[in-house]
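Take a look at the structure below.
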Amino acid sequence: MASPTQDGSGVQQSVTQADVPPGPDGWPLIGNTLQVANDPLAFFERAAEYGDLVRYELGGVPFTLVLHPEYVEQLLVTDSDSVEKFQFNDFSGNSNQFASEGVLCSEGEQWRKQRTLLQNAFTLDHIEQYGAIMTDVATVHVDSWDTNENIALNTAFSDLTLDILTQTLFDFDMGRRSEAVTQVARAINERSDPRNLSIFLPSWIPTPLQRQYETAMDKFEAIVDTVIKERRRADNLTDRDDLLSLLLSAEGTEGYQHSDEELRDQLLTFLFAGHETTSLALTYTVLLLTQNPRVRQQLRSEWNSVLGSANPTPHDIPQLTVTDRVLTESLRLYPPAFAVFRKATDDLELGGYRIPEGTAITIPQYRLHRDPRFYESPESFIPDRWTNELENELPEYAYFPFGGGPRHCIGMRFAMMELKLVLPILLQEIEFELLSSATPELAPGTTLQPAEDVRAQIQRRE
Ligand code: HEM
């Protein structure tokens, strides 16, 4: 395995502490903005020629791209106190950051207190209680599709995972309101997609993207206000044992008290972070499976022997080992959070290079998960590669779909359980015949969206 101080050609680099990492030339004023905007994932690929740490500049902000697991670990775990989240509105000076007071974006003491409180809703016991809702909601959605219907998997799964999220964590039925949430998710993604050059403009310029975002946010905030109002009107706030009760009943008790703004931002955060990612994971998994009849067969044999004709429950999960490998491999090839972003709050030393305070840092799972130094045939979907042997020899941060360190995904267990319970319900009932390309063009915004809908035709299995 290459050591982190070697470049892509295996040549030892000679560096001094004073050097910033090497990187591709950019244009005056705009740096590498056009190269990144053209195709961010291809840019990561080409940038790897400069080594495991690559300097570039985007929208006037200096960036370092991090391409070795050892440095990923240093930034997310060991030196996590010397970085904070990079926010995409750092480009435009926009003070109107999405859910800035929620746990995804908050920092320091505020983040620590929120995270400690929220953790209580994600214990194994809590999550296992959500199992039956997950399978019931999935069954209702599957039953609503007609035979021969042509559906967009990304939209259908987004509706499904949003229903699961709101019914488990908020005990709230979105009904027709889900359209507004989908619009916001789209607007958030487009507002951080570097292919839209207008994201680099100052926020006071009313670009169509900015206006679309603001309109969608107004609708979204109105929904969140309804969710809070309806629950507050309920007789006993602590009657229910979900995330919303936890947030509301902490008010005035010894628990952390959310301000009204934080409460709203917290719900916005979970509505966005908790369904969009899982929906993408289902979309790419089903897409990959349509191309792999042998793996579909392996899965169905496992489900027939472990589940018979019953719906899966959380207690079946330890036995669903093929399902686990399929999902692990799908999250490797198509990590819904394709990169995590940080900003250095101190001068950092990384692999002998200097990363000055204020530098933005890109840590792309998408690229590390496809690095041939760590994976054989990295572009191929091979669930069987996930043997104990591979897991033992793989550097820890060569695979990190849920991030790492103190800011790792709080919903990881929830998401993995949801995926493992929903996938059998989808595929035992239905054969999805892919109508779109098997290798979709990707549109990396906040999450790894397909550039076009991924469409499939529904066939009921006998
Ligand atoms: C396949 C599904 C999912 C993936 C791939 C995923 C991925 C991630 C990643 C990579 C991070 C770290 C971001 C960073 O370090 O900047 C993160 C954070 C987060 N995720 Fe997830 N996530 C998923 C599902 C969920 C679900 C289901 C929920 C909620 C129910 C959720 C809620 C959150 C929250 C609140 C954070 C912020 C945690 C913090 O900063 O303390 N995620 N997620």
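Only the coordinates and a few stated rules stand behind these numbers; no lab work does. For clarity, every value in this text was computed on a predicted model and none was experimentally measured. Cβ atoms come from the backbone with ideal geometry, glycine included; neighbour counts cover every protein chain shown.
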- Message: Can you order the peptides 313-321, 446-454 by their average number of other Cβ atoms within 10 Å per residue, highest first?
- Response: 446-454, 313-321
- Query: K343: which lysines have alpha carbons under 17 Å from its alpha carbon, excluding same-chain residues fewer than 8 sequence positions away?
  - Reply: K85
- Quick calc of log₁₀ I(q)/I(0), the chain, Debye, one scatterer on every Cα, no solvent, q values 0.08, 0.10, 0.12, 0.13 1/Å, result -0.48, -0.76, -1.12, -1.31
- Let me have the 222 nm mean residue ellipticity of the chain computed from DSSP H runs of 4+ only, each contributing -39500 (n - 2.57), with the sum over all residues rounded to the nearest 500. -13500 deg cm²/dmol
- Message: With N set to the number of residues, divide the alpha-carbon radius of gyration of the stretch 422-462 by 2.2 N^0.38 Å and report two decimals.
- Response: 1.42
- Message: Suppose we keep just the DSSP beta bridges with both residues in the chain; what percent of those would be antiparallel, to 5?
- Response: 90
- Mind putting a number on the dipole of the chain about its Cα centre? Charges go on the C-beta only, +1 for Lys and Arg and -1 for Asp and Glu, and I need it in Debye to the nearest 20. 540
- Just add up the charged neighbours of E109: K/R +1, D/E -1, any other residue whose Cβ is under 14 Å from the Cβ of E109. -2
- Message: Beyond 16 Å, how much of the Cα-Cα pair distribution for the stretch 309-350 remains, as a whole percent?
- Response: 62
- Message: If you average the C-alpha positions of the stretch 437-454 and of the stretch 367-381 separately, how far apart do those two centres end up, in angstrom?
- Response: 19
- Query: Where the centroid of each part is defined by its Cα atoms, how far is the stretch 109-146 from the stretch 32-60 in Å?
  - Reply: 37
